[in-house]
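Undergrad: Could you have a look at this structure, given as structure tokens, before my questions?
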Amino acid sequence: MNNEPQGSGSEPQKELSRPSAKEIYIQVADNARDELKRSVLSLSISGFAGGIFIGFSGLGVAISTALLGPSAMSLFIAQMFYLSALSSSSLVEHSFSRKTPCIP
């Protein structure tokens, strides 16, 4: 019986550390400054598209719940509309960003 973890080979595990609060703040502040450098048109389109996706997600939940009834499975399906709209709106936000390409 070998005491080494499986798949580790002879290499030691790399040190995995979490960023400090200061490092997180610096990263968020840098991202915010980059966002403020975007054009008004880019920010407007991004905000409008995000609002449309969020609005339609609520409408999708309401319609699917009305059509499928109040069962547990229909509520699960309805929430899938909400989650897919949230992920789509974040992709739209990234597609209008100056630096980040849209990669799903």
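Undergrad: Which one of these does Ile54 not meet: (1) of a type in the set (Val, Ile, Thr); (2) surrounded by 11 or more Cβ atoms within 10 Å (Cβ to Cβ); (3) at pLDDT 85 or above?
TA: If we test Ile54 against (1) of a type in the set (Val, Ile, Thr); (2) surrounded by 11 or more Cβ atoms within 10 Å (Cβ to Cβ); (3) at pLDDT 85 or above, just (3) comes out false.
Undergrad: Hey, could you check the range 9-39 for residues that are basic (Lys, Arg) and under 21 Å from the mean Cα position of the chain (by Cα) and say which is modelled with the lowest pLDDT? Before the answer, list the steps.
TA: Initial filter on the range 9-39 (basic (Lys, Arg)): 14, 18, 22, 33, 37-38.
Retained after the next criterion (residues that are under 21 Å from the mean Cα position of the chain (by Cα)): 18, 33, 38.
Working: Arg18: 87, Arg33: 92, Arg38: 90.
My answer is Arg18.
The values are calculated or read from the model by the stated rules, or taken from the named source; none is laboratory data. What you are looking at is a predicted structure, and each value in this text was computed from that prediction instead of being measured. Please note: Cβ atoms are built from the backbone with ideal geometry, for glycine as well, and neighbour counts cover all protein chains shown.
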